[in-house]
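Peer 1: Please see the structure below; I have some questions.
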Protein chains: 2
Amino acid sequence: MASTPITIDTINPKVLECEYAVRGEIVILAQKIQEELKNNPNSHPFDEILYCNIGNPQSLSQQPITFFREVLALCDHPAILGKSETRVLFSGDSIKRASQILDQIPGRATGAYSHSQGIKGLRDTIAAGIEARDGFPVDPNDLFLTDGASPAVHMMMQLLIRSKKDGILCPIPQYPLYSASIALHGGTLVPYYLDEAAGWGMEVSELQKQLESAKSKGIIVRALVVINPGNPTGQVLAEKNQKEIVDFCKREGLVLLADEVYQENVYVPDKQFHSFKEVARSMGYGDKDIALVSFQSVSKGYYGECGKRGGYMEITGFSPEIREQIYKLASVNLCSNISGQILASLVMNPPKVGDESYDSYFAEKNAILSSLARRAQKLEDAFNGLEGVSCNRAEGAMYLFPRIVLPNKALEAAKEAKTAPDAFYARRLLNATGIVVVPGSGFGQVDGTWHIRCTILPQEDRISAIITRLTKFHTEFMDEFRG
Amino acid sequence: MASTPITIDTINPKVLECEYAVRGEIVILAQKIQEELKNNPNSHPFDEILYCNIGNPQSLSQQPITFFREVLALCDHPAILGKSETRVLFSGDSIKRASQILDQIPGRATGAYSHSQGIKGLRDTIAAGIEARDGFPVDPNDLFLTDGASPAVHMMMQLLIRSKKDGILCPIPQYPLYSASIALHGGTLVPYYLDEAAGWGMEVSELQKQLESAKSKGIIVRALVVINPGNPTGQVLAEKNQKEIVDFCKREGLVLLADEVYQENVYVPDKQFHSFKEVARSMGYGDKDIALVSFQSVSKGYYGECGKRGGYMEITGFSPEIREQIYKLASVNLCSNISGQILASLVMNPPKVGDESYDSYFAEKNAILSSLARRAQKLEDAFNGLEGVSCNRAEGAMYLFPRIVLPNKALEAAKEAKTAPDAFYARRLLNATGIVVVPGSGFGQVDGTWHIRCTILPQEDRISAIITRLTKFHTEFMDEFRG
């Protein structure tokens, strides 16, 4: 007789083990405070919660790119395509684009399941977009369209991980999707540490060391995860460094899992995004030389369409039999959502010079990216001005990952509160200011160092006020705990 | 030196083991033939491929419900909401509904990640819709919005399955999502057989027998899957039968996983859909008595919006600690797509009598459902008219699952071709007619019986032609192989 059959002791222990700090306890507390503020605006020393915990631009008032949304709306309701009022409400090229997309969809049916890998015509468009970006050919059959990048990452982990003996090399700090997915699939995360002192640089000697160490413990390392531009660390890899990584994977027989979702988020003139595929091909390495997966998402970039759940992975260097297995995994979930598929085709093939929407598209894109660059710089400077804080350069992505040297009394107080020191700091920050950040312990960090991840996404006209609140909090915190 | 690090022998064997016939070898062959027809219209003895393998109504020209698409389009491009042309193009209540929905979304941001369980306001709407359907209260915090029902099923399997020792009771025949998901999560499918002679009836004595048999092998059975209306079997459970199932789960301490995605697809006047939650609550069983999960999807019903990937699960009877774990699993993938979330709220709260769109909405819905009922009847009759074929009554869902008694010579030919006899039949049918069905072996069946699953979805004006093609093929097939 078990009227409540499932208890915490009888569920899958891999689920228990998995952690996802980006939506962890600090965020749950923030949601609680938000409810309290709604019921009583004077219940806390601030008016509102500022979510700097997650790369979710439109939740902080970033507006979508008009052209993209026009096309999506027309594809949702093609009945209005031929109407004269539509020509007043929508740009001419969005009408044209929507018609072209509908022509690529069998039966023009945006409400039908597509091919498991995504609509072929949209994959053709994306393939052309990647070719234009990299200068190397792309086979549309190498593309798997997915509901954002996360399901694609899960699919690869599911394919590669057989047991705890299988290891995946991951950067530390890392985006916790990777640790969560590896835990859920029962594998072992083999950490390699990014060098904070060298701008979160990636050293092949460190990769080699960790690989050997894992091997000596009987771990079979199967793949290397690289996040470029970096999350949470914001660095953009140099091409020379990328070449070393490609050679390392080739030499060691590792699948290179390249998280390239921030490819459009580069803010400094001395760095440029190069895809790992471009780098590998420019080294003369083809399908036979290296197995490579590139993840892309519509959630990031200047578009920031997180809620649309669109994305793709490009897989190269896998045998036909393996590809069949990946196809089967994709088929079990039938297909990714069609709006997300359409949007993925749009971000990889936006309006071109001469198109009716080009000028407004370019102005919107440019406004977002240049504002993000300014916000990153301001916040970086502010963090670096705080006592005990040193902050990496924000070269790309959407985050800063400042290190905070906490006074001993703060470490003791955290210990007493049974929480990690950076979680202690983040909780205090939230309670004092309404600002939500993620403790560095959620991403991994060198033992004894403490960080927070803070997005650069709050609206530009509020950055100064945020910096004021942050500075006031930090000063008071240090005053309270200074030894 | 491994230049191709991953081989079929070194991937996760659970992936190899998993099967998904709905998009299996017959469908891959169909896609190949479709390409051949495109290049040479005379390459096969038919003009086009007719996909009867999958419940994908809009791929066979079913039109979406206008009101739903109006609201989706307006939510995609809210900039046009206030324009006078919009009032010409869109119904008044779709404009009103879109505005209401946008008001429920924090910052009106349809491009932002939502709460991991889905937008709270939309969950409120869905909760009210379930309450109106069942007459029992619903807590919006019990709802998890998902990209169709499949990810929800995976989430529950991931939670419940620890190892091969954990069993999930599944109907045979079953929808292969269940066998695939159980295989991928490394559990054991414990089959219970539906009784074909009793209209695919479900007997508690069979459940009990299979449960005991599994227990005797050391399997810990954790949950029971029920698909109602049935897939692939099309039966609608009687309420009395549902009560027995609820009592069985309560008594045995099993989680009841109720696949209720065909709740709007009932075609016979003597049967009615009742949710398992309604049945359990009407028996006086509450949260403390039974753990129950109901899956719903926007892909089925009269709406058939497969490409939108919307759905939800309602979970009741789980402790707060377990719910936290489910929340964490949902969080790892951030959220389901917002258009799918909006659509889920629309199907659970469609236009009401008196709303501007009600008449056209009702006419569209009624036309689809009554046509499906006629098509089901015609195909059922046709199958029953074929030599050696007996077909269940199409009470609900979107499928017929006729049994085919194949002549011995056909069984021998199949053996020679190293394929299951029903797959042999399905392949022959495809090659002769272009009609794509799924072999019964993809769903499971009593040993020595052979079936095919055929959807009732081809356009009504083509059903007669399909029946003619099918009959001609079947007659020739039997003539060829009759002993």
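Peer 1: For a quick check: with amide H placed at 1.01 Å from N, whose amide H comes under 5 Å from residue B:223's, ignoring anything fewer than 5 positions away on the same chain?
Peer 2: B:169, B:255
Peer 1: Output the Kirkwood hydrodynamic radius of region B:1-116, Cα pairs only, in Å rounded to one decimal.
Peer 2: That comes to 19.6 Å for region B:1-116.
Peer 1: Could you check the simple spin-label distance between residue B:46 and residue B:103, using points 7 Å along Cα→Cβ, in nm with one decimal?
Peer 2: My value for the distance between the label points is 5.2 nm.
Peer 1: So who's got an amide H within less than 5 Å of the one on residue A:451, skipping anything under 5 residues away but keeping other chains? H placed 1.01 Å off N, in plane.
Peer 2: A:404, A:440, A:441
Peer 1: For a quick check: with amide H placed at 1.01 Å from N, whose amide H comes under 5 Å from residue B:146's, ignoring anything fewer than 5 positions away on the same chain?
Peer 2: Amide H to amide H, under 5 Å and 5 or more residues apart or across chains, residue B:146 pairs with B:311, B:312, B:313.
Peer 1: In whole Å, what is the distance between the alpha-carbon centres of region A:405-454 and region B:285-309?
Peer 2: 40
Peer 1: Between residue B:384 and residue B:352, what is 0.36 nm times their sequence separation minus the Cα-Cα distance? Round to one decimal in nm.
Peer 2: Here the answer is 7.5 nm.
Peer 1: Right, here's the next one. Hey, what did region A:114-247 get for relative contact order, percent, Cα under 8 Å, at least 6 apart?
Peer 2: For region A:114-247, the relative contact order is 21 percent.
Peer 1: Also: What residues from region A:436-460 fall in the zone where the backbone N is under 16 Å from a label point 7 Å along the Cα-to-C-beta line of residue A:417?
Peer 2: So the set is A:436-442, A:450-453.
Peer 1: For chain B, what is the calculated [θ] at 222 nm in deg cm²/dmol (nearest 500), taking -39500 (n - 2.57) for each run of four or more DSSP H residues and dividing by its residue count?
Peer 2: -13500 deg cm²/dmol
Peer 1: Could you go through region A:220-229 in sequence order and give the Karplus-derived ³J(HN,Hα) for each residue, using 6.51 cos²θ - 1.76 cosθ + 1.60 with θ = phi - 60°, rounded to whole Hz, and x for Gly and Pro?
Peer 2: The phi angles translate into 9, 7, 10, 7, 10, 8, 10, 10, 9, x Hz.
Peer 1: Which of B:20, A:361, B:303 comes first, and how do the rest follow, when ranked by fewest Cβ neighbours within 10 Å?
Peer 2: So the ranking, lowest neighbour count to highest, is A:361, B:20, B:303.
Peer 1: Also, quick follow-up: Each residue of region A:80-93 in order: what ³J(HN,Hα) in whole Hz does its phi give by Karplus 6.51 cos²θ - 1.76 cosθ + 1.60, θ = phi - 60°, with x for Gly and Pro?
Peer 2: The phi angles translate into 8, 4, x, 7, 5, 4, 4, 5, 7, 7, 10, 5, x, 6 Hz.
Peer 1: Let me ask something else. Tally the DSSP beta bridges in chain B and give the antiparallel ones as a percent, rounded to 5.
Peer 2: About 50 percent, rounded to the nearest 5.
Peer 1: Among rounded, prolate and oblate, which fits region B:248-360 when a ≥ b ≥ c are the square roots of the eigenvalues of its C-alpha gyration tensor, a/c under 1.5 means rounded, and a/b larger than b/c means prolate?
Peer 2: Verdict is oblate for region B:248-360.
Peer 1: Please report the spacing between the Cα centers of region A:109-166 and region B:1-68 in Å, no decimals.
Peer 2: Centre-to-centre distance over Cα atoms comes out at 16 Å.
Peer 1: Oh, and also: Using θ = phi - 60° and the Karplus curve 6.51 cos²θ - 1.76 cosθ + 1.60, what whole-Hz ³J(HN,Hα) does each residue of region A:269-280 get, with Gly and Pro shown as x?
Peer 2: x, 8, 10, 9, 7, 10, 6, 5, 5, 4, 5, 4
Peer 1: State log₁₀ I(q)/I(0) for region B:180-236 at q = 0.17, 0.22, 0.23 Å⁻¹ as given by the Debye formula over alpha-carbon point scatterers of equal weight, solvent excluded.
Peer 2: Here the Debye-derived log intensity ratios amount to -0.64, -0.97, -1.02.
Peer 1: Still on this model: What percent does the relative contact order of region B:371-483 come to when contacts are Cα pairs within less than 8 Å and at least six residues apart?
Peer 2: Taking the mean separation of contacting Cα pairs over the length of region B:371-483, I get 32 percent.
Peer 1: Give the order of A:189, B:50 when sorted by the count of other beta carbons within 10 angstrom, beginning with the fewest.
Peer 2: Exposure proxy ranking, most exposed first: A:189, B:50.
Peer 1: Follow-up. Note down the net charge around residue A:185, summing +1 for each Lys or Arg and -1 for each Asp or Glu among other residues with Cβ under 12 Å from its Cβ.
Peer 2: My count for the surroundings of residue A:185 gives +3.
Peer 1: So for A:380, B:35, fewest C-beta neighbours within 10 Å to most, what's the order?
Peer 2: B:35, A:380
Peer 1: Report P(r) for region A:113-347: all Cα-Cα distances, bin width 5 Å, range 0 to the bin holding the largest distance, values in whole percent.
Peer 2: Result, from short to long distances: 1, 7, 15, 19, 21, 18, 12, 5, 2, 0 percent.
Peer 1: Two decimals, Cα atoms only, Kirkwood Rh: what is Rg/Rh over region A:110-229?
Peer 2: 1.05
Peer 1: Between residue A:464 and residue A:8, what is the label-to-label distance in nm when each label sits 7 Å out along the Cα-to-Cβ direction?
Peer 2: Using points 7 Å along Cα→Cβ, the separation is 4.8 nm.
Peer 1: Would you calculate the volume per residue, in Å³, of the smallest convex hull containing every Cα atom of chain B?
Peer 2: Cα convex hull per residue, to the nearest whole number: 193 Å³.
Peer 1: State, to one decimal in nm, how far the label point of residue A:88 lies from the label point of residue B:472, with both points 7 Å from Cα in the Cβ direction.
Peer 2: 5.3
Peer 1: How much net charge surrounds residue B:462 when only other residues with a Cβ under 12 Å from its Cβ are counted (Lys, Arg +1; Asp, Glu -1)?
Peer 2: Cβ neighbours under 12 Å give a net charge of -1.
Peer 1: What does the charge add up to near residue B:115, with Lys and Arg as +1, Asp and Glu as -1, over the other residues with Cβ less than 10 Å from its Cβ?
Peer 2: Result for the local shell: +3.
Peer 1: log10 I(q)/I(0), Debye, Cα-only the protein assembly as shown, no solvent, q = 0.08 Å⁻¹?
Peer 2: -0.77
Every read-out reported here was derived from the displayed coordinates using simple, explicitly stated rules and does not represent laboratory data. Since this is a predicted model, take the numbers as computed values, not measurements. Neighbour counts run over all protein chains shown; Cβ positions are idealised from the backbone, glycine included.
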